[in-house]
Amino acid sequence: RQTPAVNGALVAMEPHTGRVLAMVGGYSFSLSNFNRATQAMRQPGSSFKPFVYATALDDPEARWTPASIIVDGPITLRGAGGASWTPENYEHGYYGPLVFRRGLELSRNAMTVRLAQEVGMEEVSRRAIEFGVVDRMDPVLSMALGAGETTPFRLTAAYSAFLNGGRKINPHLIELVQDRDGETLF
């Protein structure tokens, strides 16, 4: 009975089949027919980091393992025209050298940027497109921290690959169509 001031989205899907179990795109279709689950382009933020780490683990030169050490420390990057960028961790602190898997677990920004720089943002971009997170992604380091845009629906589908051995799934909302007698039409 109380109309909320904000709307949200939720997507729940079976990772092995792509079957959408639940999808909520807002509070009320009659108040807003904009589906936030499939239409709202949002920055994924730290939820994009696993795609950077997965790209590194799939490196053909096998330079990275879950036990590899990456420095979690200050890093300043120089861009075109002399501009600089210093990505910071959420609490503005650093842990020093950390194990790869711990950096992912703790969602360390500085580590993720260092890793993306080593792996190459062209490769991270290519893999994000391959996973289905985005259709197009500029190969810039800020994208490694989720500065791009995608939808909750696409991100959920892309995450499914982590649970089923890297196989990409095609999400679907309708499994079959039956007539009133229970006969399958499609």
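No value in this document is a laboratory result; all are computed from the given coordinates. None of these values were measured; they are calculated from a predicted model. Don't worry about glycine lacking a Cβ; one is built from the backbone with ideal geometry, like all the others, and counts go over all protein chains shown.
Taking 35 Å as R0, compute the FRET efficiency from the Cβ-Cβ separation of Arg19 and Arg101 and round it to 0.05. Calculated transfer efficiency: 0.70. In loop segments of the stretch 1-61 as defined by DSSP, the chymotrypsin sites (Phe, Trp or Tyr not before Pro) with at most 16 further C-beta atoms inside 10 Å of their C-beta are Tyr27, Phe29, Phe34. Panel note: the C-alpha atoms of the chain, placed on their principal axes, show extents of 65, 41, 30 Å (largest first).
Taking loop as defined by DSSP and a crowding limit of 16 other beta carbons within 10 Å, which GluC sites (Glu not before Pro) in the stretch 118-184 fit? Taking the stretch 118-184 and a limit of 16 other Cβ atoms within 10 Å, the loop GluC sites (Glu not before Pro) found are Glu149, Glu175, Glu183. Taking θ as phi - 60° and the Karplus parameters 6.51, -1.76 and 1.60, the scalar couplings of the stretch 94-110 work out to 9, 9, x, x, 10, 5, 2, 5, 6, x, 5, 4, 8, 6, 7, 5, 4 Hz in sequence order, x denoting glycine and proline.
Based on C-alpha pairs under 8 angstrom that are at least 6 apart in sequence, the stretch 51-159 has a relative contact order of 26 percent. State the answer as a single residue: which of Gly166, Gly93, Gln39 lies farthest towards the positive end of the charge dipole of the chain, with beta carbon charges of +1 for Lys and Arg and -1 for Asp and Glu, about the Cα centre. In the chain, that residue is Gly93. The angle between the Cα long axis of helix 152-163 and the longest principal axis of the Cα atoms of the chain comes to about 70 degrees, rounded to the nearest 10.
Peptides 85-96, 11-22, 137-148 ranked from most to least packed give 137-148, 11-22, 85-96, packing being the mean of other C-beta atoms within 10 angstrom over each peptide's residues.
Near the amide H of Met13, within less than 5 Å, lie the amide hydrogens of Leu21, all on another chain or at least 5 residues away, with H placed in the peptide plane. Between the beta carbons of Asn33 and Glu122, assuming R0 = 30 Å, the FRET efficiency works out to 0.20 to the nearest 0.05.
The stretch between Glu88 and Ala147, if pulled fully straight at 0.36 nm per residue, gains 19.8 nm over its current Cα-Cα span. Working note: Karplus 6.51/-1.76/1.60 with θ = phi - 60° gives the stretch 134-141 the couplings 9, 8, 8, 8, 5, x, 10, 4 Hz, where Gly and Pro are set to x. Build a GNM of the chain with springs between Cα atoms under 10 Å apart, and of Val119, Val134, Val99 the one that fluctuates most is Val99.
Per-residue Karplus couplings for the stretch 52-65, computed as 6.51 cos²θ - 1.76 cosθ + 1.60 with θ equal to phi - 60°, are listed in order as 5, 5, 5, 4, 5, 5, 8, 4, x, 7, 6, 6, 10, 9 Hz, Gly and Pro entered as x. Find how many whole Å separate the alpha carbon centroid of the stretch 1-45 from the alpha carbon centroid of the stretch 114-186. First find each Cα centre; the distance between them is then 16 Å.
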